1. Does Gly25 fit the bill of being more than 10 Å from the chain's Cα centre (by Cα) and within 15 Å of Gly106 (Cβ to Cβ)?
2. If we scan the range 1-12, do we find a residue that is touching an Asp or Glu at 6+ places or on another chain (Cβ under 7 Å), open to solvent by 20 Å² or more (accessible area, probe 1.4 Å) and touching a residue at least 40 places away in the same chain (Cβ under 8 Å)?
3. Of the conditions (1) within 16 Å of the chain's Cα centre (by Cα); (2) touching a residue at least 40 places away in the same chain (Cβ under 8 Å); (3) more than 21 Å from Phe104 (Cα to Cα), Ser20 clears all except one; give me its number.
4. Taking the range 23-37 on its own, how many of its residues are open to solvent by 20 Å² or more (accessible area, probe 1.4 Å), over 16 Å from Thr68 (Cα atoms) and touching a residue at least 12 places away in the same chain (Cβ under 8 Å)?
5. What number of residues in the range 38-50 are closer than 14 Å to Asn96 by Cβ and open to solvent by 20 Å² or more (accessible area, probe 1.4 Å)?
6. Select from the range 62-112 the residues that are aromatic (Phe, Trp, Tyr) and open to solvent by 20 Å² or more (accessible area, probe 1.4 Å) and list them in ascending order.
7. State all residues of the range 2-16 that are in contact with a Gly (Cβ under 6 Å, 6 or more places away or on another chain) and closer than 13 Å to Gln110 by Cα; if no residue qualifies, say none.
8. With respect to the numbered conditions (1) farther than 17 Å from Gly108 by Cβ; (2) outside any loop (DSSP other than H, G, I, E, B); (3) not aromatic (Phe, Trp, Tyr), which one is the sole condition not fulfilled by Asn61?
Amino acid sequence: VQVVESGGGLVQPGGSLRLSCAASGFTFSSYAVNWYRQAPGAERELVATITSTGGYRNYANSVKGRFTISRDNALNTAYLQMNGLKPEDTAVYYCNTERLGFGFWGQGTQVTVSS
């Protein structure tokens with residue numbers, strides 16, 4: 001089983017990044033996907049959720065209107081498109097796949113928003 005995030009990096013305020021979450025070794029299409037983030041000294045925060053079929057999505061108020069979660073079950077991959085990035089979006093972003101309270105975590109990818 002593997003969950004691997006990619007796409008993080010350094011971006012200026014107002015910029016965009018697209019994170020990817022590639023899954024293998026389990027039936028990805030049966031799992032919801034959550035993106036979390038954790039800033040230094042802060043608790044892990046749920047940023048966005050998408051159900052297994054993609055029919056329902058939910059966002060934290062802090063990212064609503066700027067971030068978009070999506071998935072491609074044929075590619076076993078989920079995405080987090082982040083636009084209008086702010087310095088307060090700086091964090092390690094983690095992908096979590098979940099089904100009936102059980103799931104898998106990736107190792108995280110660093111996103112830094114700074115001029």
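1. So Gly25 passes the test.
2. Scanning the range 1-12 turns up no residue that is touching an Asp or Glu at 6+ places or on another chain (Cβ under 7 Å), open to solvent by 20 Å² or more (accessible area, probe 1.4 Å) and touching a residue at least 40 places away in the same chain (Cβ under 8 Å).
3. Checking Ser20 against (1) within 16 Å of the chain's Cα centre (by Cα); (2) touching a residue at least 40 places away in the same chain (Cβ under 8 Å); (3) more than 21 Å from Phe104 (Cα to Cα), the one that fails is (3).
4. Of the residues in the range 23-37, 6 are open to solvent by 20 Å² or more (accessible area, probe 1.4 Å), over 16 Å from Thr68 (Cα atoms) and touching a residue at least 12 places away in the same chain (Cβ under 8 Å).
5. Here the count works out to 5.
6. Result: Tyr79, Tyr94, Phe102, Phe104, Trp105.
7. Correct list: Val4, Glu5.
8. (2)
The values are calculated or read from the model by the stated rules, or taken from the named source; none is laboratory data. This one's a predicted model, so the numbers in the text were calculated from it and none came from an experiment. For neighbour counting, all protein chains shown are included, and Cβ atoms are generated from backbone atoms with ideal geometry for every residue, glycine included. When the accessible area is computed, the model is the full protein with side chains, heavy atoms only, and any ligands, DNA or RNA have been set aside. Shrake-Rupley method; radii C 1.70, N 1.55, O 1.52, S 1.80 Å.
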